[in-house]
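Peer 1: Before we start, here is the structure in question, set down as structure tokens.
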Amino acid sequence: MSKIVGIDLGTTNSLVATVDTGIPLVIADAEGQRLTPSVVHFPGADTEPIVGHKANRVRVLKPTETVYSVKRFMGRRGSDIAREEMLVTYPVRGEGAGPVTIDIHGRAFTPEEISAEVLKKLKRDAEASFGEPVTRAVITVPAYFNDAQRNATKKAGELAGFTVERIINEPTAAALAYGLDKLKERAKVAVYDLGGGTFDLSILELNNGVFQVLATNGNTRLGGDDLDKRLIDFLVEKIKAAGGPDASNDLPMLSRIREVAEQTKIKLSTETKVEIALPFLTPGFSFSYWLTRSELEHLTKDIILKTRMHCLRAVADAKVEAKDLDQVILVGGQTRMPLVRQMVTEIFECAEFEETRGSVRLGTEYHRAAGPMLNTSQNPDEAVALGAAIQAEILSGGFRNVLLLDVTPLSLGIETFGGLMNVIIHRNSTIPVKAGEMFTTAVDNQKNMLIHVLQGERERAKDNWSLGKFTIDFESAPKGVPRIGVQFEIDADGILHVLARDTKTGKQTVVEIKSAVDVEDTEVQRMVEESVDHAFEDLAARRWIEASLKARQTIEATRKGLNECATELDAEYKAQLEEALKKVETALESENATTGSGDTKALQQANAELDEVTKPLAELMMDKAVEALLVKRGLIQ
């Protein structure tokens, strides 16, 4: 069996790792570098691209032909790539629901193709290390990557020549790297993962060697790149104020500023003051400025503070308190920043961790203060790749005492009659997971059913996001007769498969949701917030819709009975029926077009009265139906 490697396909840097005789390690390239910048330079139309450190060095000289931070475009729609959102110096194009493309030397590259070049380089490094072909990989993604982004990552791996054995969440992989399987049973851990382009906070629990993700929250468009952009904008203004050129539209100059901004930010994690030197921005102008750590923190504090909200939501979703956590581990290069560590300590009221000969004591061996231990024992840049390698080893048959379970962060379901969302897989369900329900028709003589797949936390379909639609055909029949089973399955990669089956004929349709709507992370948070803010309103709307559907069905059945039994009903009883029908119809008129609900209590009461009044009519209709059946079978005349 060929070796399975673990890969961290990062926004800023990517790594490939393996397990050698039980020890996970990152594989270095020919130059001894373990981190490969996720940068690809295209020298010419017919020339092989340059990847990694060499490409990164060329980026300043050839900014329009060098691609970086492409992870932020993976699985995204064209309408989501507003240029002001992220400062890149290469041409990015996209419209509407179409794909994002990067135009270089007359060719339109997809983000997956760019990422595949990075993965090819990692593949070559691994093969050089092993001395044999490497074709299988576990690749990590941010926990909040949606279906389209996960599929894009998998496709990039396949374009690079890998069989992608598993897509796993980055924070979950990091927990493995930190050796958290050695903690005491029922230990709960938070993984704070702030990288170059994404942020995740996951709460995990260890139980009998099983890592289970209790909850996860995050933002796939929040990371070190945002801090870089803030510092770049600051320097552009400082240069102008000093009498220098306006660099905002000068790509080569902007690339130089970006490079020095990144280096300065990194240095200020260990130094308190750094000189920014940009000689000869123009033949007659050079720029120099001493930036302090406090200035950088003032510039970027609001960006880092955005992670707090995600942390609190994950803790709430996991139904734990900060004091219940045993550890908070830091992952991602941006967590080296002192302000980040300070903020994490404040959010979780962390205790200082105790180090013994350079390694953190795990389990019950550390001094416990007011809150969980802040664990910074691993290299934050390498932890995810090492965890991916451990997962790869598990798939290969090693580390049999550890199992990894992830969760799905948003509820999934389908639209039902009346415009409601019927949840099939609830938010934070452990994956892989499979669940299904049986549905029927609401209209006579339907020949097909529309399966509208939804994602979200609201009661009404229109308030959630559409992931896709398809139809299943079946034999025409009265309403309520067809039985259509709908099954959702989320595989180990977090990809959704939807099956619809006609139970009578066995005919089925299976759809893999490959083009799920790329939901903005701000919109995801808005969805969660609105599900809380509008909880009572949504519940009232659901109750109204359910009551109105029942009322309309009762009205229809009553009108039908009145027509069929008109000659057999006396005038007084007909008047009672009409009065009861009028009450229900009047109650239905209370519906507010804006809120989508009405006086549910009045409607339910009116419908209950109609049910009571129609009992004699229902009995008469049943007698007539039985008599008609006996006549049909020749048992009576």
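The values are calculated or read from the model by the stated rules, or taken from the named source; none is laboratory data. Since this is a predicted model, take the numbers as computed values, not measurements. Counting neighbours? That spans all protein chains shown, and the Cβs are built from the backbone with ideal geometry, glycine included.
Peer 1: Which of (1) at pLDDT 80 or above; (2) touching a Phe, Trp or Tyr at 6+ places or on another chain (Cβ under 9 Å) is the odd one out, the single condition Glu578 does not satisfy?
Peer 2: Just one mismatch for Glu578, condition (2).
Peer 1: Restricting attention to the stretch 130-157, and to residues there that are buried (at least 24 other Cβ atoms within 10 Å of the Cβ) and of a type in the set (Gly, Ala, Ser), which single residue is farthest from Ala389 (Cα to Cα)?
Peer 2: Across the stretch 130-157, the extreme among qualifying residues is Ala152.
Peer 1: Consider Ala173 against the criteria (1) surrounded by fewer than 24 Cβ atoms within 10 Å (Cβ to Cβ); (2) in contact (Cβ under 8 Å) with a residue 60 or more places away in the chain: it satisfies all of them except one. Which criterion is unmet?
Peer 2: All conditions pass for Ala173, except number (1).
Peer 1: Pick from the stretch 617-628 the residues that are without any contact (Cβ under 8 Å) to a residue 24 or more places away in the chain and among the hydrophobic types (A, V, I, L, M, F, W, C): which of them is nearest to Thr554 (Cα to Cα)? Outline the logic, then answer.
Peer 2: Looking only at the stretch 617-628, we keep the residues that are without any contact (Cβ under 8 Å) to a residue 24 or more places away in the chain, and these are 619, 622-623, 625-628.
Add one more test, that the residue is among the hydrophobic types (A, V, I, L, M, F, W, C), and what stays is 622, 625-626, 628.
Details: Met622: 15, Ala625: 18, Val626: 21, Ala628: 23 Å.
Selected residue: Met622.
Peer 1: Something else now. Identify, by number, the condition in (1) farther than 18 Å from Leu620 by Cα; (2) free of Cβ contacts under 8 Å to residues at least 60 places away in the same chain that Ala571 doesn't meet.
Peer 2: All conditions are met except number (1).
Peer 1: Could you please find all residues in the stretch 144-183 being in contact with a helix residue (DSSP H, G or I) (Cβ under 9 Å, 6 or more places away or on another chain), within 13 Å of Ser202 (Cβ to Cβ), not in a helix (DSSP H, G or I) and not aromatic (Phe, Trp, Tyr)?
Peer 2: Ile168
Peer 1: While we're looking at this one, here's another question. Take Val26 and decide whether it is out of contact with any Ser or Thr (no Cβ under 6 Å at 6 or more places or on another chain) and at pLDDT 95 or above. Spell out how you get there, then give the answer.
Peer 2: Details: out of contact with any Ser or Thr (no Cβ under 6 Å at 6 or more places or on another chain): yes; at pLDDT 95 or above: no.
So Val26 fails the test.
Peer 1: Let me ask something else. Of the residues in the stretch 97-143, how many are under 24 Å from Glu31 (Cβ atoms), polar (S, T, N, Q) and part of a loop (DSSP other than H, G, I, E, B)?
Peer 2: Adding up the residues that qualify gives 0.
Peer 1: Can you pull out the residues in the stretch 270-289 that are farther than 29 Å from Gly333 by Cα and either of a type in the set (Ser, Thr, Tyr) or not in a strand (DSSP E or B) (or both)? Full working, then the answer.
Peer 2: Taking the stretch 270-289 as the starting set, the residues that turn out to be farther than 29 Å from Gly333 by Cα are 280-286.
Residues satisfying the conditions are Thr282, Pro283, Gly284, Ser286.
Peer 1: Turning to a different aspect of this structure: Here are some residues: Thr140, Thr135. Which one is within 30 Å of Trp465 (Cβ to Cβ) and among the polar types (S, T, N, Q)? Before you say what the answer is, go through the steps one by one.
Peer 2: On the way: Thr135 fails: within 30 Å of Trp465 (Cβ to Cβ).
On inspection, the qualifying residue turns out to be Thr140.
Peer 1: Counting residues that are among the charged types (D, E, K, R), loosely packed, with under 14 Cβ neighbours inside 10 Å and outside the structural domain of Ala173 (by TED's automatic domain parsing), which strands (runs of 3 or more DSSP E) fully inside the stretch 395-505 reach at least 2? Write out each step before concluding.
Peer 2: Working: elements: 403-408, 412-416, 420-425, 429-431, 433-439, 446-455, 465-477, 484-490, 496-502.
Strands (runs of 3 or more DSSP E) meeting the threshold: 465-477.
Residues are listed down the side, and each one gets a yes or a no for (1) surrounded by 24 or more Cβ atoms within 10 Å (Cβ to Cβ); (2) among the polar types (S, T, N, Q); (3) under 18 Å from Gly157 (Cβ atoms):
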position	(1), (2), (3)
Ile4	yes, no, yes
Leu15	yes, no, yes
Glu31	no, no, no
Pro49	no, no, yes
Arg57	no, no, no
Gly98	no, no, no
Ile102	no, no, no
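Peer 1: Among what's in the stretch 195-211 and is under 14 Å from Pro380 (Cβ atoms) and part of a strand (DSSP E or B), pick the residue that is modelled with the lowest pLDDT. Walk me through how you get there before you give the answer.
Peer 2: Step one: of the stretch 195-211, the residues under 14 Å from Pro380 (Cβ atoms) are 195-196, 198-200.
When the remaining residues are screened for being part of a strand (DSSP E or B), the result is 199-200.
On the way: Phe199: 90, Asp200: 87.
Top of the filtered list is Asp200.
Peer 1: Right, here's the next one. Can you find a residue that is in a helix (DSSP H, G or I) and surrounded by 19 or more Cβ atoms within 10 Å (Cβ to Cβ) anywhere in the stretch 320-327?
Peer 2: Taking every residue of the stretch 320-327 in turn, none turns out to be in a helix (DSSP H, G or I) and surrounded by 19 or more Cβ atoms within 10 Å (Cβ to Cβ).
Peer 1: Which of the residues belonging to the stretch 290-319 are among the polar types (S, T, N, Q) and either part of a loop (DSSP other than H, G, I, E, B) or farther than 18 Å from Asp193 by Cβ (or both)?
Peer 2: Kept after step one, since they are among the polar types (S, T, N, Q), are these residues of the stretch 290-319: 292, 294, 300, 307.
The answer is Thr292, Ser294.
Peer 1: Within the stretch 176-211, which residues are among the β-branched types (Val, Ile, Thr) and buried (at least 21 other Cβ atoms within 10 Å of the Cβ)? Steps first, answer last, please.
Peer 2: Initially, the stretch 176-211 is screened for residues among the β-branched types (Val, Ile, Thr), giving 189, 191, 198, 203, 210.
Of everything in the stretch 176-211, those that are among the β-branched types (Val, Ile, Thr) and buried (at least 21 other Cβ atoms within 10 Å of the Cβ) turn out to be Val189, Val191, Thr198, Ile203.
Peer 1: Another one. Select from the stretch 56-73 the residues that are among the hydrophobic types (A, V, I, L, M, F, W, C) and within 15 Å of Thr11 (Cα to Cα) and write down the one among them that is modelled with the lowest pLDDT.
Peer 2: Phe73
Peer 1: Which residues, taken from the stretch 501-554, are closer than 21 Å to Ile490 by Cα, out of contact with any Phe, Trp or Tyr (no Cβ under 7 Å at 6 or more places or on another chain) and modelled with pLDDT of 80 or more?
Peer 2: Arg501, Gln508, Val510, Glu512, listed by residue number.
Peer 1: Exactly one of (1) over 28 Å from Ala148 (Cα atoms); (2) modelled with pLDDT of 80 or more; (3) charged (D, E, K, R); (4) under 26 Å from the mean Cα position of the chain (by Cα) is unmet by Asp491. Its number?
Peer 2: Among (1) over 28 Å from Ala148 (Cα atoms); (2) modelled with pLDDT of 80 or more; (3) charged (D, E, K, R); (4) under 26 Å from the mean Cα position of the chain (by Cα), the lone unmet condition for Asp491 is (1).
Peer 1: Among the candidates Thr614, Thr600, single out the residue that is in the same structural domain as Glu564 (by TED's automatic domain parsing), touching a helix residue (DSSP H, G or I) at 6+ places or on another chain (Cβ under 6 Å), closer than 29 Å to Thr567 by Cα and in contact (Cβ under 8 Å) with a residue 12 or more places away in the chain.
Peer 2: Values: Thr600 fails: closer than 29 Å to Thr567 by Cα.
Being in the same structural domain as Glu564 (by TED's automatic domain parsing), touching a helix residue (DSSP H, G or I) at 6+ places or on another chain (Cβ under 6 Å), closer than 29 Å to Thr567 by Cα and in contact (Cβ under 8 Å) with a residue 12 or more places away in the chain holds for just one of Thr614, Thr600, which is Thr614.
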